[in-house]
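The values are calculated or read from the model by the stated rules, or taken from the named source; none is laboratory data. Just so you know, these numbers come straight off a predicted model, no measurement behind them. Every residue, glycine among them, receives a Cβ derived from its backbone with ideal geometry; neighbour counts consider all protein chains shown. Calculation scope for accessible area: heavy atoms of the full protein, side chains included, ligands and nucleic acids excluded. Shrake-Rupley method; radii C 1.70, N 1.55, O 1.52, S 1.80 Å.
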Amino acid sequence: MNWLAGTLGSSIGKKLMMALTGLGFCGFLAGHLAGNLTIYWGKNAFNSYAEHLHSLGPLITLAELGLLFFALIHILTGTTLFYQNLKARPFRYSVNKNAGGRTIGSRTMPYTGFILLSFIVLHLINFHFVDKTGTTIYQIVHGAFANPGYVAIYVFAMIVAAIHISHGFWSVFQTLGANHVKYMPFIKGVSIVFSLIVALGFGFLPVYLAYMV
Amino acid sequence: MTKTINLTLKIWRQKGPEAKGKLETYKANDIPTDMSFLEMIDVVNEKLTLEGKEPVAFDHDCREGICGMCGTVVNGRPHGSEKGTTLCQLHMRHFSDNDTIVIEPWRSRAFPIIKDLVVDRSALDKIIQAGGFISVNTGNAQDANAIPIPQETAELAMDAAACIGCGACVAACPNASAMLFLSAKVSQLALLPQGKPEAARRAVSMVREMDRLGFGNCSNETECEAECPKEISITNIARLNREFYKAGFFSSEK
Ligand code: HEM
Ligand code: FES
């Protein structure tokens, strides 16, 4: 297994792990969003979606463990990269200017990442590790967003997620070696569209639940 | 009549590798705009020498944009703000009268400062020594037409081979990564039949050497490609990644 550790532990190997886990999260977000949109069909639709999901039983546990495994890799590798990259330039420039390569997304990756991590912890406390006896998931969610503070936090977190993904999505393809003159402009376009879908799709739900139903 | 301009320069001065450096201010008056940036520093240095002061140390050689020796960060931009231009080919007509110009050395843990604006870039040579070559038996060169290479492939290899190893990509990268340099050196050989036999060993040992030397990791910021005086594309980095995965996962290379 020496070769595997050597390959994955290299700078490119660490990027590969970030890319594969990050792409996994993008897929998860797409699925999660599709499920959450049932809220617009009313509380019964949303509750029955949740029930169907949980009736999958062991499959759901498996998916959760998979996500947790991906999260551990993404967070530990991301943190390692962040510190190594800081260390690679111990003495900073006194004038910093960009040539137009960096974007808000690319320059903030570690920071948006850490904000997302804190959000994910809060999100799990809010809706996963709660007592669900004698209530429905709709009631829990609706109750939470009665608090304008939560609405603000959730909307903010979704904007942060969109910024993270705006760089992350196309970056995955570059990291995997899939940079082709014919497809790269399209992949960069999808990157922007997907981050907008995440920001608007997830971000509007708390507002809708708090003020429109 | 040649137009002349007056400039205020803030130049990084540092006596030696261990010394503490700082930005010092100099006047450069009556600089003809036809001069190159390096000639402008020459003028400043002549004046300093006549005054009995230590001239500013900076690297240069060909002064025609092909050797890769020159390079400093000018107002936050490696080789200055002109696209696809080395510092020696940057002309003073791109500056205005009374401009203040801040001149700093490449900054990276892997490039220790030797003096003033001169940094030690032998780390890039070490990366090449780790595998940036092909092994051939000496003897008669074989007939050039014996190995057919499509024109398009030859062009891609040539584009990668345009890298002059100046280190601007490292200086420009927010993470001080040498991936653009390494990707050009791996690509120019990986694209051609002569480079194929050693491709796996080359990719693995060059990446390993780069990591060992203390460069940062690529995070696809793409600043390198924007600053490269030879406009090397990050599609080379994608190719390097592919070469590395092939070598790491599908070859017998350890
Ligand atoms: C739903 C949550 C998340 C999604 C969808 C996501 C997605 C992504 C994607 C697609 C990438 C690009 C990988 C590449 O460049 O090849 C990435 C990179 C990154 N992520 Fe995340 N991520 C999430 C959460 C986090 C968290 C919680 C952290 C906290 C440590 C984090 C830190 C980073 C960092 C530092 C990078 C940049 C790595 C580099 O390019 O050097 N991410 N993320
Ligand atoms: S001095 Fe040779 S490239 Fe500038």
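Among the residues of segment A:67-102, those that are open to solvent by 30 Å² or more (accessible area, probe 1.4 Å), in a helix (DSSP H, G or I) and not hydrophobic (A, V, I, L, M, F, W, C) comprise A:His74, A:Thr79, A:Thr80, A:Tyr83, A:Gln84, A:Lys87.
Considering only residues in segment B:84-121 that are assigned to a helix (DSSP H, G or I) and open to solvent by 10 Å² or more (accessible area, probe 1.4 Å), the one that is farthest from ligand 1 (Cβ to nearest atom) turns out to be B:Arg93. Evaluation of B:Glu39 against the conditions (1) under 18 Å from B:Cys88 (Cα atoms); (2) open to solvent by less than 30 Å² (accessible area, probe 1.4 Å) shows that the sole unmet condition is (2).
Being out of contact with any Phe, Trp or Tyr (no Cβ under 9 Å at 6 or more places or on another chain), within 16 Å of ligand 2 (Cβ to nearest atom) and touching a residue at least 12 places away in the same chain (Cβ under 8 Å) is a description that does not apply to B:Lys27.
Within segment B:220-231, the residues that satisfy the criterion of being surrounded by fewer than 24 Cβ atoms within 10 Å (Cβ to Cβ) and either more than 9 Å from chain A (Cβ to nearest Cβ) or within 17 Å of A:Gly9 (Cα to Cα) (or both) are B:Lys230, B:Glu231. B:Arg202 fulfils the conditions (1) modelled with pLDDT of 95 or more; (2) within 12 Å of another protein chain (Cβ to nearest Cβ) except for a single criterion, (2). Close Cβ contacts (under 8 Å, 6 or more residues apart or on different chains) running from residues in segment B:88-100 that are over 18 Å from B:Cys166 (Cβ atoms) and away from ligand 2 (no atom under 16 Å from the Cβ) to residues that are open to solvent by 80 Å² or more (accessible area, probe 1.4 Å) and assigned to a loop (DSSP other than H, G, I, E, B) comprise B:Arg93/B:Lys3; B:Arg93/B:Asp34. Does any residue in segment B:38-61 that is touching a residue at least 60 places away in the same chain (Cβ under 8 Å) and more than 12 Å from ligand 2 (Cβ to nearest atom) come within less than 9 Å, Cβ to Cβ, of a residue that is outside any loop (DSSP other than H, G, I, E, B) and among the hydroxyl-bearing types (Ser, Thr, Tyr) six or more places away or on a different chain, and which pairs are these? Within 9 Å, the pairs are B:Val56/B:Tyr26. Here A:Tyr154 meets the list (1) in contact with a Gly (Cβ under 8 Å, 6 or more places away or on another chain); (2) outside any helix (DSSP H, G or I); (3) not β-branched (Val, Ile, Thr) almost entirely, failing just condition (2). Total residues in segment B:20-31 satisfying the condition of being surrounded by 12 or more Cβ atoms within 10 Å (Cβ to Cβ) and touching a Lys or Arg at 6+ places or on another chain (Cβ under 7 Å): the figure is 3.
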